[in-house]
Amino acid sequence: MSEKEYLYSEIFDSIQGEGTYTGVHSLWLRFFLCNLQCNGFGQLDPKDPSTYDLPFKSFDISNISKVEDLPVWDKGCDSSYSWAKKYKHLMSQGTPAVLAKRIMDAGKNDTNPNGFFKHPISGQKSDMCFTGGEPLLLPSQEASIAILRYFEDVSNIPRSVTYETNGTINLTFDFVKFWKFKTDYELFFSISPKLFSVTGEKRGDAIIPEVISQYYKLSNRGHLKFVLGTHNNHWEEMEEVLQILRKYGINYPVYIMPVGAREEDQKDIAGEVAEMALNRGYNVSARMHVYLFGNAIGT
């Protein structure tokens with residue numbers, strides 16, 4: 001029987017652009033598929049789907065042969081290519097061992113010819129980041145554990161492993177078992193709850209405190225990351241959701257990011273959103289990769 005293969009949209013070498021570990025060198029695997037769509041991002045009225053403009057649906061892909069040739073859209077989810085069936089033919093796949101080797105290949109350069117997480121010059125360790133799509137869908141949980149076991153087998157251990165998740169997927173028994181007594185590297189949850197007023201995702205589908213509580217009990221290393229604009233209803237909903245999460249004992253620190261997938265979209269409101277966050281006592285996160293690389297796919 002052949003070994004199971006897993007779909008993914010990207011493997012790349014970059015920095016962490018958001019939140020706690022902003023600027024930290026990281027290797028990335030972006031899994032394919034997500035349980036949410038977040039089509040309300042960037043829309044005039046995120047709460048009214050009848051008004052949505054969704055460029056990813058109308059984009060002509062007849063001359064597109066690889067994911068990196070796609071643009072970054074200003075409306076809807078900025079990684080819609082990583083879950084929309086229209087783009088499935090652009091995805092790649094591989095067994096966990098193959099994916100692990102491709103991740104190491106992405107980290108190779110003239111000064112790090114083996115693609116090790118511990119750089120031979122600086123001596124610093126890089127992070128591993130699983131993103132999506134949704135990296136905690138059950139097949140992705142399975143794949144990520146197998147990939148990390150491969151890294152362990154070849155003595156190439158990251159400093160920390162981040163899962164960039166929407167916080168709605170239950171953890172499997174095998175996932176919890178793998179991480180429960182892990183001490184040689186960190187498990188970090190970057191949780192971005194999707195607000196109805198910003199994304200159009202209904203509260204019951206997008207905010208599941210019982211699930212996020214599972215994450216917190218497994219690892220208190222993480223953060224909550226809310227994407228907000230300057231509208232009062234964004235902030236009111238965020239603080240309502242935050243109160244609910246706090247009642248479940250979820251005490252991750254909070255980072256606020258301005259809505260907008262592209263640099264030009266963020267410039268208009270980033271300063272005002274940051275000031276609103278600081279006035280309320282929250283941390284601020286820009287998208288550093290957007291300012292450095294224009295949020296080009298593969299960065």
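The values are calculated or read from the model by the stated rules, or taken from the named source; none is laboratory data. Just so it is clear, the structure is predicted and the values come from calculations on it, not from any experiment. For neighbour counting, all protein chains shown are included, and Cβ atoms are generated from backbone atoms with ideal geometry for every residue, glycine included.
Condition check: among the aliphatic types (A, V, I, L, M) and more than 21 Å from E186 (Cβ to Cβ). Does L54 satisfy that?
Details: among the aliphatic types (A, V, I, L, M): yes; more than 21 Å from E186 (Cβ to Cβ): yes.
Here the answer is yes, as L54 does meet what is asked.
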Exercise for review: Working only within the stretch 1-15, note down all residues that are at pLDDT 95 or above and outside any strand (DSSP E or B).
Suggested key: K4, E5
Review point. Do you know which residues across the stretch 174-199 are of a type in the set (D, E, K, R), within 23 Å of K225 (Cα to Cα) and part of a loop (DSSP other than H, G, I, E, B)?
Key: K194
Practice item. Check the stretch 80-93 and report whether any residue there is farther than 27 Å from D205 by Cα, touching a strand residue (DSSP E or B) at 6+ places or on another chain (Cβ under 7 Å) and surrounded by fewer than 20 Cβ atoms within 10 Å (Cβ to Cβ). Key: yes
Revision key, fill the gap. Counting only residues in the stretch 35-55 that are in contact with a Ser or Thr (Cβ under 9 Å, 6 or more places away or on another chain), buried (at least 21 other Cβ atoms within 10 Å of the Cβ) and not polar (S, T, N, Q), the one nearest to M91 (Cα to Cα) is identified as C38
